[in-house]
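A short worksheet on the structure shown next.
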Amino acid sequence: LYLPKQNILFVIHFILNNEPIQTELSSGITLLDFIRYHQHLKGTKIGCREGDCGACTILVGTLGNNQMKYRSMTSCLMPLANANGKHIVTVEGINVQDLSPVQQAVVEEGGTQCGFCTVGFIVSLTGYCMDNQTANYPNAIKAIDGNICRCTGYKSLERACQHIVKDLQDKPEENHMDWLVKQGFLPTYFKNIPDQLESLHQNILFDVKPLKKQGSLPVGGGTDLYVQRPEEMIYFDTVNLFDNQEFKSIDLVDDFIYIGAEVTATDLAESDLLKTYLPNLENDMKWVSSTPIRNMGTLAGNLVNASPIGDLTIYFLALNADLILLENETERIIALNDFYLGYKQKDLKENEWVKGIRFQLPNEPMMFNFEKVCKREFLDIASVNTAISLVLENDQIKSAHVAAGGVNPIPCYLQKTSAFLIGKSLEKEVVIEAAKIMDSEIAPISDARGSEAYKRLLLRQLFYGHFLNLFPSIFSLKSLV
């Protein structure tokens, strides 16, 4: 596959399986196309090209403190630039002399039929084995929540997961990569990757600033751009913002939590700081697409997309977050609620970039809840989603912020509903009246995800769900419906 070079910003260096790669190809081409058409590794399949099916799943290894961290990602949405300085692993790169325990488990349980999706499942499950988390069945299933199979009905794959979990019971917390190599989960070259990347990092360029140049385009995770503009993106030289450490932090400063633009949904779910104040955060993030997309999709991408049903957008609207915008070295801070001017219209100047967001922690404990319904339980965009944050004082609502998606042309902060709740007691009459006010604030339309009437009913039920989940000793479904 030949692609014309644009204004080359830098040479891309990475390791593909056990081979060092150096390329000056247009960095906007997808890693999937580079793997298949330039390296001729055909195990990584072309499926949906939208990050939905998982047939193109790869493992992306990053080096930190001389240790490797691997994440599963969809190569169909990953710009070549984002491979810079990393270890990229395809299904060919995890082959050992015999079948690995992962491959053997899938074979023994009949976990493949047509075989097209099989490589994606193998790669995802191998990545699960490499993760230093507790080996249990739910975690194994979570690892393949971004892989779709049209043949098996999944039961054979679920049984294979049980086998794999059993095989991992003796995996140590320390030096677990060496153990995986010894047990035949990985080929021996994995032991040399940290030293190879360390050497590579001394000679490559990281943290490229978001400067506009002719023929170039700054890109974060790519999970939206490569769905909406795939034909156009391959002719850009993309600037990798995804690995810019300036935009990757999650910090507590005074009474504000600051979250960088390039923080992913996985980063949010794994943040001990955030989970201190949002204890259900890890479970909430499971509703955001799938594991590979959560590993790639960034906070800024979700916010700037301006989708009326953006999950992270609704989440942080309910936290009354501010948006931090950057133009050269000048910051501008606006309420996230004021950022959306109309359908896909934003208060964003031509040369401004999203630096991150911030939200203020209340003095009293905060109650927070997120709800989402979509046509599939996971790996799907919302029909309707909603979030709420409440602060109580003397059994009264001191502050309230309610947001909803899929019910207006923009991500919707429910101003009247939020204002009504302030100062009220936790009583069923208050919740029922608030739901009526909420219904007056929305204007859903009938589309492929449901009729207008359905979305109104669904939002009301999810709004009741906030109070049922947060205050189960006060409210019951029978009392509200």
| field | Candidates Gln183, Gln169, Gln133, filtered to the one that is over 26 Å from the mean Cα position of the chain (by Cα) and over 20 Å from Asn18 (Cα atoms) | value | Gln169
| message | Please go through (1) open to solvent by 20 Å² or more (accessible area, probe 1.4 Å); (2) in a helix (DSSP H, G or I) for Thr152 and return the number of the only condition it doesn't satisfy. | response | (2)
| said: Looking at His40 and the list (1) at pLDDT 95 or above; (2) assigned to a helix (DSSP H, G or I), which single condition is not satisfied? | reply: (2)
| said: Please go through region 226-256 and give me each residue that is surrounded by fewer than 22 Cβ atoms within 10 Å (Cβ to Cβ), under 21 Å from Asp322 (Cβ atoms) and either aromatic (Phe, Trp, Tyr) or in contact with a Gly (Cβ under 8 Å, 6 or more places away or on another chain) (or both), ordered by number. | reply: Glu246, Lys248, Ser249, Ile250, Phe256
| field | Every residue from region 292-346 that is hydroxyl-bearing (Ser, Thr, Tyr), open to solvent by 20 Å² or more (accessible area, probe 1.4 Å) and closer than 30 Å to Asp145 by Cα | value | Ser307
| Whichever residue in region 108-149 is among the small types (Gly, Ala, Ser) and in contact with a Ser or Thr (Cβ under 9 Å, 6 or more places away or on another chain) and, among such residues, is most open to solvent (accessible area, probe 1.4 Å) | Gly110
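So that you can scan it fast, the table gives a plain yes or no per residue for (1) under 25 Å from Lys275 (Cα atoms); (2) at pLDDT 95 or above; (3) surrounded by 15 or more Cβ atoms within 10 Å (Cβ to Cβ):
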{"residue": "Leu379", "(1), (2), (3)": "yes, no, yes"}
{"residue": "Ser389", "(1), (2), (3)": "yes, yes, yes"}
{"residue": "His401", "(1), (2), (3)": "yes, yes, yes"}
{"residue": "Gly405", "(1), (2), (3)": "yes, yes, yes"}
{"residue": "Gln415", "(1), (2), (3)": "no, yes, no"}
{"residue": "Pro444", "(1), (2), (3)": "no, yes, yes"}
| Among (1) among the charged types (D, E, K, R); (2) in a strand (DSSP E or B); (3) within 30 Å of Lys142 (Cβ to Cβ), which single condition is Lys375 missing? | (2)
| task | Please indicate, with yes or no, whether at least one residue in region 326-347 is more than 21 Å from Gly405 (Cβ to Cβ) and either small (Gly, Ala, Ser) or touching a Phe, Trp or Tyr at 6+ places or on another chain (Cβ under 8 Å) (or both). | result | yes
| Going by the conditions given, is Ile314 closer than 30 Å to Tyr464 by Cβ, in contact (Cβ under 8 Å) with a residue 12 or more places away in the chain and outside any loop (DSSP other than H, G, I, E, B)? | yes
| Does region 27-38 include one or more residues that are within 29 Å of Gly153 (Cα to Cα), buried (at least 18 other Cβ atoms within 10 Å of the Cβ) and touching a residue at least 60 places away in the same chain (Cβ under 8 Å)? | no
| task | Being part of a helix (DSSP H, G or I) and either open to solvent by less than 10 Å² (accessible area, probe 1.4 Å) or free of Cβ contacts under 8 Å to residues at least 24 places away in the same chain (or both) is the filter here, so list the residues in region 77-97 that pass it. | result | Leu77, Leu80, Ala81, Asn82, Ala83, Gly93, Ile94
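The values are calculated or read from the model by the stated rules, or taken from the named source; none is laboratory data. Small disclaimer: the values here were computed from a predicted structure and weren't measured. Counting neighbours? That spans all protein chains shown, and the Cβs are built from the backbone with ideal geometry, glycine included. Accessible surface areas use protein heavy atoms only, side chains included; no ligands, DNA or RNA. Shrake-Rupley method; radii C 1.70, N 1.55, O 1.52, S 1.80 Å.
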